[in-house]
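In what follows, a structure is listed as structure tokens, so that the remarks can point back to it.
What follows draws every value from the coordinates through simple rules; no lab data is involved. From a predicted model like this one, the values you see are computed outputs, not experimental measurements. All Cβ positions, glycine included, derive from the backbone under ideal geometry; neighbour counts span all protein chains shown.
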Amino acid sequence: MHRRHHFRTIVLSMLLVTACTDSGTPQIEEPDPAAIQSNNRAVGLMGRFEYEQARDQFEALVEQWPGWNEVRVNLAIATLNRQGDGDEARALQIVQDVLEDDPGHLRARYMAGLVQLYLGEPGAAQEAFRAVAEADPDDAFAAYYLAQCSAQLGDYENALPQFRRALALNPYLRSAYYGAFQSLQRLGRQDEASALAADYQRLEGNPRSQLAEFKYTRMGPKGSALAVNTGGEGEAPAAPLQGALFTQPST
């Protein structure tokens, strides 16, 4: 009885350490505080546009913690922004590998869409952004990029409501005004297009205005490297911007 109990204890301990997934692949243990701090330092490097150094740190973390998907996506973001030869394909492969392990990982899905759109594959990108927009209907950037995919495919009827949705979610997203303006022009609705063009121009002087571009800090919250707290969870998103839309803030 004592030997049987001892054997059972060993087995339970092994299960707690390895915690195998349904696919049989052992899960990593929770990243330790040193790894979390290293990730957060690399996120800081991204904020200073030091992509190569940040990428090196993320890559080292992925080697140590291969199942840490948030850091794998951070590595993809750093790789994409490094803009070396073949980096777009490398970044796409990284997030596709994450999606094989976790099909519901929204940051990976979003980044896959961004890279595909950047590479001139709006059809594939559209599927990615539609999935993100459905899973996170409050993401204005996902709505914007979904609209961009439709526009690039020549489907302005479907692009327009997505641009408008992006504006409803984030009225400071200046790029969405311009996208809606272009869609209305293509649809022959000149009066509505002119009104949106005026809004776009008035927003230019507002420091709260935002642009959506293939440039770090302008690709949306899911397109930015993610710092984590000591509990291993992502930081809360920034609070929505407040203030008058077409006026300078008071000082």
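Along its three principal directions, the equivalent ellipsoid of the range 30-103 from the Cα gyration tensor extends over semi-axes of 18, 17, 8 Å, largest first. Candidates Phe181, Leu160, Pro207 compared by Cα position along the dipole of the range 122-223: farthest toward the positive end lies Pro207, with charges placed on Cβ.
Note down the relative contact order for the range 30-103 as a percent, whole number, built from C-alpha pairs under 8 angstrom at least six residues apart. Walk me through the intermediate numbers first.
Working: 65 pairs, mean separation 17.9, N = 74.
24 percent.
Here the label points at Arg202 and Gln190, each 7 Å from Cα along the C-beta direction, are separated by 2.2 nm in the simple model. Per-residue packing, averaged as other Cβ atoms within 10 Å, sorts the ranges 110-117, 177-184 into the order 110-117, 177-184, beginning with the highest.
Name the shape class, rounded, prolate or oblate, that the alpha-carbon gyration tensor gives for the range 122-223, where a ≥ b ≥ c are the square roots of its eigenvalues, rounded holds for a/c under 1.5, and otherwise prolate holds if a/b is larger than b/c and oblate otherwise. Judged from the Cα gyration tensor, the range 122-223 comes out oblate (a/c at least 1.5, b/c at or above a/b).
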